[in-house]
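Note sheet for the following structure.
The values are calculated or read from the model by the stated rules, or taken from the named source; none is laboratory data. For clarity, every value in this text was computed on a predicted model and none was experimentally measured. Here the Cβ positions follow ideal geometry from the backbone for every residue, glycine too, while neighbour counts run over all protein chains shown. The protein model used for the area step is the full one, side chains on, heavy atoms only, and it has no ligands, DNA or RNA in it. Shrake-Rupley method; radii C 1.70, N 1.55, O 1.52, S 1.80 Å.
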Amino acid sequence: MRFYVPSDIYVEKNCVANHKKDIIAMGSRAFIVTGRHSARINGSLEDVTSALTDGDIPYEIFDEVEENPSVETIVRAARIGKEFQADYVIGIGGGSPIDAAKAIALLIANPEEDGSCLYEARKLDYLPIIAIPTTCGTGSEATPVSVLTNHAKKIKKSIPYKIFPALSLVDGKYLASAKKSLIVNTAVDALAHMVESYLNSKSNLYNRLFPEYGLRLWAENKEALLSEDPLNESQYELLMLVSTIAGMAIAHTGTGLPHGMSYDLTYHYHVPHGPACGYFLGAYMEVCSRHCPDDVRKILDLLEMKDLDEFSAYIRSLIGTFEIDEKTKESFVSAMEHNESKLSAAPCTVTPEDVRFIYDKSLISKPLE
Ligand code: NAP
Ligand code: ZN
């Protein structure tokens, strides 16, 4: 058994200000990577720039990371970061800017390489990264994963490098400006991470500690996520904490079939990442329950749910359903039947019939237009 999350992670109120010295000590020229708007609105960008200004650290801001960041954006940002001679990278935002920061840190540290190295399994260094999450889903601040969209290949996929942030500063206050739908969507992603990490061939005693604790905490916000009412400060803090814990869980095991299945929905239909995974969770658990019923029962108990029907009904009321035509679904089924890396992440043999069952049960069929 192995335990390995080599990131220094702090989860606390006013985390960035509290750890100003660590931010300043990380290097001498900082490259900030973020999305177009949200980091300015929720205060995270200002928290970081004022820490850097206090430490006389020159910085450059790249604020053009799109949702589901593309290889093209990474290459463009890395060029600017290299010209600036950055020696560390700060990713601020949801999973997209943080994942982008990881890939950018790799390219800046290897100036002779171009974007093609991103999908090659090589041993390459990367600059130190500071991660500051502002959504409560991906846990990228605690994982070595960077998921990129490759338009040339028409796919969304993790790059084969393990890039842990050196420092992660996690503060629930940045969620206060987020729409409820963003919080719900990203909380479902965190839920998927815990379920897929628990029901995973790499799951062991150590990494199960994370979902066992995190699922119980997630359940505390079950009703609040469903209701129309805004959340409060302590709920933001809890959701952020759970997201980081869920990241620690997948840092050990990786994700499973629901994540593998989600990427097509996001790439082809722009479904946000959390719901795209969430649609498949109930049916995935049902398949696993035929082989490891005790593990599925344990998850339901931690979530305080009676059975899988209750779980699926709850997820439906949270994120709704997704319709797809039969022909497209068929193409997704055939590709997934050969996705050895995701199939082998399941704790049991998943047959082609199981794959079809998950798609059929999770997505609503619509007639061809
Ligand atoms: P995201 O794509 O980073 O952001 C979604 C939207 O939320 C953006 O429009 C962003 O605006 C906005 N936003 C971010 N924080 C906000 C806040 N506090 N208030 C208001 N709006 C805010 O969403 P995400 O779900 O966090 O990340 C999804 C990506 O992470 C996907 O590519 C997914 O595959 C990946 N992922 C990575 C891991 C991992 O381990 N590394 C795990 C799971 C998923 P701006 O653009 O203006 O910032
Ligand atoms: Zn995810």
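Points worth noting:
- Which listed residue, of I132, I163, is within 28 Å of M194 (Cβ to Cβ), assigned to a strand (DSSP E or B) and modelled with pLDDT of 95 or more: I132
- Counting only residues that are near ligand 1 (Cβ under 8 Å from one of its atoms) and open to solvent by 10 Å² or more (accessible area, probe 1.4 Å), the stretch 178-193 holds 5 of them.
- Among the residues listed as S28, S116, S38, the single one being open to solvent by 30 Å² or more (accessible area, probe 1.4 Å), among the hydroxyl-bearing types (S, T, Y) and without any contact (Cβ under 8 Å) to a residue 24 or more places away in the chain: S116
- Single residue of I98, I80, I104 found to be crowded, with 24+ Cβ neighbours inside 10 Å, in contact with an Asp or Glu (Cβ under 8 Å, 6 or more places away or on another chain) and not assigned by TED's automatic domain parsing to the domain that holds Y263: I98
- Residues within the stretch 169-211 that are among the small types (G, A, S), closer than 30 Å to M26 by Cβ and not in a helix (DSSP H, G or I), tallied: 1
- From L167, L175, residue being open to solvent by less than 10 Å² (accessible area, probe 1.4 Å), farther than 28 Å from S227 by Cβ and either outside the structural domain of S28 (by TED's automatic domain parsing) or touching a residue at least 40 places away in the same chain (Cβ under 8 Å) (or both): L167
- Criterion (touching a strand residue (DSSP E or B) at 6+ places or on another chain (Cβ under 9 Å), more than 15 Å from ligand 1 (Cβ to nearest atom) and not β-branched (V, I, T)) met by exactly one of P97, P165, P128: P128
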